[in-house]
1. Quick check on the stretch 50-63: of everything there that is surrounded by 18 or more Cβ atoms within 10 Å (Cβ to Cβ) and either more than 16 Å from the ligand (Cβ to nearest atom) or part of a loop (DSSP other than H, G, I, E, B) (or both), which residue is farthest from the chain's Cα centre (by Cα)?
2. Mind listing just one residue for me: the one in the stretch 85-101 that is outside any loop (DSSP other than H, G, I, E, B) and more than 11 Å from the ligand (Cβ to nearest atom) and, of those, modelled with the lowest pLDDT?
3. How about the stretch 162-214: which of its residues are in a loop (DSSP other than H, G, I, E, B) and within 30 Å of Arg9 (Cβ to Cβ)?
4. Go through (1) away from the ligand (no atom under 13 Å from the Cβ); (2) of a type outside the set (Ser, Thr, Tyr); (3) in contact with a Gly (Cβ under 7 Å, 6 or more places away or on another chain) for Cys141 and report which single condition fails.
5. Looking only at the stretch 102-138, which residues are touching a residue at least 12 places away in the same chain (Cβ under 8 Å), within 12 Å of the ligand (Cβ to nearest atom) and either more than 15 Å from Ala5 (Cβ to Cβ) or not assigned by TED's automatic domain parsing to the domain that holds Gly33 (or both)?
Amino acid sequence: MVDFAVAIRHATLEAARLHRDLGIQAKVARGTGRVDVYDTIARLNVPLFFTHLDGLLGVYLREPSPGVLVTTERPQSQQRFTAAHELGHHYLGHKPSLDEEDDMLRRAPFQIRTDDDPQEVEAEAFAAVFLLPRWLLDLHCDRQHWTDADLHDPVNVYQLALRVGTSFKATVWTLHRYDVFDRGTAKAMADVELKRVKQEILRGYEPANYRGDVWLLTDRDADMRIEGGPGDLVVVRLTEHSGAGYLWRVESLDGEALAVVADGREPIGDDDGVGGPTLRRITAAARARATGAFRLAEARPWAPSAPLNTFAVDYDLAGPSLQGWYEPQRKVHFQRQLRAAA
Ligand SMILES: [Zn+2]
């Protein structure tokens, strides 16, 4: 009888060791708030290639030398999870692995079936805690002022998942692993329909479809970087001191990349909204794979040079990685091929 609990504990310790060895925690705290799994694979000198894979999400090769393949056919969060799973196979010294779509999508981290392959259970646990270690959960909860009780709201779990760059389901089961949810709560949360969560955030705005992600940004996200996709929606919700004549206005927004599609106000709490601050909600839709900055200023329209507050986020709407080498490795591989051909 295989001891799955031992396999999971081993994977968890090894993921923490890799974080420590590469100084990942400090880098994430200074940077985007996400663990960069592709960079980690590159730093271990393992070639990483994105391509169309029939019926597979990812592949780990060992012979003649290690390599990782990741599908181009899935959203960014699943590509990242697959890459972390293959990194797990590599770092834990596993056999080569062809990771089938059906298996991978059926599985959830830490949820064991007795006929599971222990190597797969280990790689899955490694991926989950590598991408969402407890310190990263704490970092986002501190930043957002979320308590465990706040994480019982699917909107907050979804926003956490977007910020750390893992799927909603993987996030839910990792929170269960950290005892934020008991099993029943995790199961109910994992079954929540994401479309409904998105609709709740959008408050009446109806996009053409619900495939893109919906980011909900507040002043707690100031100066952060969004790593999303070209079909995403960004809702910025900020306190507005309209009673004193201050109104938020968009200062800079690349209209080709993002366009404002809805703009409204709602009262704060039970306040009737007369004279007191209100909440301003500006919804923007991503239109292209682009990077840029979204800047707003809260100012009196007649005194535009003196804003009361400003708000800015950087965005990268690249979405899933496309066919080809992991970009920073590309040059290295071309040089290697040239040398081999010479
Ligand atoms: Zn695997």
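1. Leu53
2. So the residue we want is Glu101.
3. Matches in the stretch 162-214: Gly165, Thr166, Ser167, Tyr178, Asp179, Val180, Phe181, Asp182, Asp191, Val192.
4. (3)
5. Asp103, Met104, Arg107, Gln119, Glu120, Ala123, Ala127
The values are calculated or read from the model by the stated rules, or taken from the named source; none is laboratory data. Because the structure is a prediction, the values reported are computed rather than measured. All Cβ positions, glycine included, derive from the backbone under ideal geometry; neighbour counts span all protein chains shown.
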